[in-house]
């Protein structure tokens, strides 16, 4: 209710002044559904929609230390350091943090980068040294949050695959990768398919 009350107030101010509300969800949060419909997802544009949380932290620290030529705003610290270093929270209850139910963002972002950008199977990610239970849970969150991403504000494409144009997942599809090793391709079917393609090409 807190996030939705805040979203309603921001939209009311937007309607009154004509200013556009900019939403705040980053790619890590949008991936696993850590954003509130009609709350912090309210708005007309999201500049960090395609940037992972760890990268948002890095860019925030960079902006405090360096003002690019032609950039608006003052020099020096423009983002309070305590906002950058404090544990991320959705303020769902007292002392609640994202890490109560998510792996550390360094781990989460590494898994998401493999799932989203590289489209790696779960078995490959697990073989790379990530915990099986964590990987399967992150993959499940990624899949069930698709309905939220379909309702999100547009944003800038930064990574190899952004949500929407580059990666769309069926909301009602029950397919799931259970992390088992992929079977070897049937060589007979591969050869038969190659012959059929060659015959069709040759007429």
Original post:
Hey, what's the Cα Rg ratio for segment 29-73 versus the globular rule of thumb, 2.2 N^0.38 Å?
Top reply: 1.42
**OP:** State whether segment 1-110 is rounded, prolate or oblate according to the following rule on the C-alpha gyration tensor (a ≥ b ≥ c being the square roots of its eigenvalues): a/c under 1.5 gives rounded; otherwise a/b larger than b/c gives prolate, and the remaining case gives oblate.
**Re:** oblate
**OP:** Enter the angle in degrees (range 0 to 90, nearest 10) between the Cα long axis of helix 2-17 and the first principal axis of the Cα atoms of the chain, meaning the one along which they spread out most.
**Re:** 70 degrees
Original post:
Once the Cα gyration tensor of the chain is found, what semi-axes does its equivalent ellipsoid get, as square roots of 5 times the eigenvalues, in whole Å, sorted largest first?
Top reply: 38, 21, 19
**OP:** Enter the angle in degrees (range 0 to 90, nearest 10) between the Cα long axis of helix 187-202 and the first principal axis of the Cα atoms of the chain, meaning the one along which they spread out most.
**Re:** 90 degrees
Subject >> Contour excess over end-to-end distance, with Cα ends at residue 24 and residue 127 and 0.36 nm allotted per residue >> reply: 33.7 nm
**OP:** Rounded to whole Å and sorted largest first, list the principal axis extents of the Cα atoms in segment 77-175.
**Re:** 41, 33, 27
Original post:
Within segment 50-66, whose backbone N sits under 19 Å from a point 7 Å along Cα→Cβ of residue 75?
Top reply: 61-66
Original post:
Using a Gaussian network for the chain with springs between C-alpha atoms less than 10 Å apart, which of these wobbles most: 164, 73, 39?
Top reply: 73
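Taken together, the values in this text are just the output of simple stated rules run on the coordinates, not laboratory data. Because the structure is a prediction, the values reported are computed rather than measured. Here the Cβ is made from the backbone with ideal geometry for all residues, glycine too, and neighbour counts use every protein chain on show.
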